[in-house]
Each structure stands twice: as structure tokens, then as C-alpha cells.
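Take a look at the structure below.
The values are calculated or read from the model by the stated rules, or taken from the named source; none is laboratory data. All figures in this text were calculated on a predicted structure; none of them were measured in a lab. Cβ placement follows ideal geometry from the backbone for every residue including glycine, while neighbour counts extend to all protein chains displayed. In case anyone asks, the SASA skips ligands and DNA or RNA and just uses the protein heavy atoms, side chains included. Shrake-Rupley method; radii C 1.70, N 1.55, O 1.52, S 1.80 Å.
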Amino acid sequence: MYRIKNSSELASYIEYANLNNLATKEEMKEFLENAKKFDFYGITINPSFIKLAKEELKDTNLKISTVISFPLGFDLTKSKIEQAKIAVDEGADEIGTVINISQVKNSEYEALENEIRAIKEVIGEKVLKVIIESKALHDNEIVKVSQASERAGADYIETSTGFVSPNTIYEDVNVINLIQKYAPKTKIKLTGGVRLYKIANQLLTAGADLIGSNEGYQIVDDYRNLRENTKVTPKPIKFD
């Protein structure tokens, strides 16, 4: 099993998320303050908070990721392209785009691939994550979407929006295996239902490159408290 060495290393594999559409500005500031306490890979937020995050995180190395056509993915391609362009102009470092699942169910993989390619072209060197909602897909659909994403130049395949019932860990591992086998050049972001550091560790062991979770702070804090801040004094050995 993959062994996390310390809380800083664990945080470097986590994208701490707050996509709550009811979040106030003050709540988002609190979230950003928590994000600064650990060396996370980055954060995921709604586009409307990008400028706030840029200001609050200007003295950190945290990457700012946002989402487009979230969480349903039903926007027209030209709308997704414009959303991506605006998000980059606002200051986003990484973009997550939700696929149109209807295209998958109708086997319109060429249209899906063309959409992903067009979004990647407009954001240039910025990182593109393709959010596939694996819970709603059959294995063969996951394979075809992953292959289309890789051909189109996606940097990551993300397994879920986090807005549906989460996979079991066995389902997550199956998805990881499928992507690794059929789209080996594309990284994997595992999102949905990850709340414990032991689960995060197991998914990293299985091959995930990144964990997305709105429990990111709690995951790392629990690890730190259990693994680094717990001091055990051995009992003296008595000899007869």
C-alpha cells in the first residue's frame, strides 16, 4: 500500500473544494483561510469567487481551479468555451468541464471529443479536467469517454461532480483501472465521497493522481492529529 509520509505530502494530493452555491463571501473567506493552513495541491471554487480567491491566496502556491457547465454539463459547446475563457481571464489556473452525458448515451463521442478539444484550445496551457460522472456510466462508456478525452488533450479525467451518490471504493478502483488501461496518458482526479484519510490513501494506492474533496481540511487535520501530534509514552518493562 502507498504510504503517506506526513500531512504535507497528503495535502499535496488533495484539491480542497467548496462548490456550495449558498456560500456567502464571509464563508468563502473562512474556507480560503483554512486552505492556507495546509499545503494543498489547490482549491476548487465556483467561478464567481475566483477574484476573491486570487486576492486571498496571492502569497501562496495554491492552484485555483473552477468549474464550467456545472454540475449538469448540458450547456452548448459555444457556451462552455466562453465560460472557460472568462474563467481563465478571471484568474483560474485550472478548469473542470462537465461532459454532456446525453452525448455519451447517444454514442456521440466525436462531438464530445470535439467539445473537449475546443475548450482545451481556448485555455491553452491551463490544466483541463474532464468531469465524467462515472456513477451514471457503464464501463464501456467510461472507456470511450476516457479515450475521447485523451485524444482531445485533456490533462485529467475527473470521476464525479460530487453532486451524486458516491461510488463505493470498489467502484472507484474499477474506474481508476479502466482509465489507466485505456487512457494511460491522462491523469485521474478522484472526486466524490472521500472523507477519511485512509480512503484517500487507498485511492492513491490504486492509482489516483489527485483527490477532490470538500472535506480536504478535515482529512489532513485528522491525519496530522492521529499520526503526528499523538505522543505515546511506553510503559516501563518490569522484570521479576
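Structure notes:
- From its DSSP helices (H runs of at least four residues, each -39,500 (n - 2.57)), the chain gives a residue-normalised ellipticity at 222 nm of -12500 deg cm²/dmol.
- Compared with the direct C-alpha span, the chain from Asn21 to Arg227 gains 70.8 nm at full extension, assuming 0.36 nm per residue.
- Of Glu56, Glu113, the residue with the largest accessible area leads and the full order is Glu56, Glu113 (1.4 Å probe).
- A simple rule links phi to the HN-Hα coupling: the Karplus curve 6.51 cos²θ - 1.76 cosθ + 1.60 with θ = phi - 60°, which for segment 97-104 gives 10, 8, 6, 7, 4, 4, 4, 5 Hz, with x for Gly and Pro.
- What the Cα convex hull of the chain gives, in volume per residue, is 142 Å³.
- Prolate/oblate/rounded label for segment 1-105 (Cα gyration tensor, a/c 1.5): oblate
- Shown here are the Rg and Dmax of the Cα trace of segment 167-210, at 9.8, 29 Å.
- Karplus 3J(HN,Hα) series, Hz, for segment 121-133 with 6.51 cos²θ - 1.76 cosθ + 1.60 (x for Gly, Pro): 5, 6, 9, x, 7, 5, 6, 10, 10, 9, 8, 9, 6
- Per atom type, segment 99-240 shows carbon and sulfur on 49% of its accessible surface, probed at 1.4 Å.
- Accessible area per residue in Å² at 1.4 Å probe, computed on the chain: 52
- Taking amide H atoms as placed 1.01 Å from N in the peptide plane, the amide H of Gly96 lies under 5 Å from those of Thr66, Val67, Ile68, Lys129, each 5 or more residues away in sequence or on another chain.
- Cα-based shape type of segment 81-219, given that a ≥ b ≥ c are square roots of the gyration tensor eigenvalues and the cut on a/c is 1.5: oblate
- Dipole check for the chain: with +1 at the C-beta of Lys and Arg, -1 at the C-beta of Asp and Glu, and the Cα centre as origin, the magnitude is about 640 Debye.
- In this structure, the residue pairs whose Cα-Cα separation is over 21 Å, taken from Lys25/Lys63; Lys78/Lys187; Lys25/Lys54; Lys25/Lys126; Lys36/Lys120; Lys85/Lys135, are Lys78/Lys187; Lys25/Lys126; Lys36/Lys120; Lys85/Lys135.
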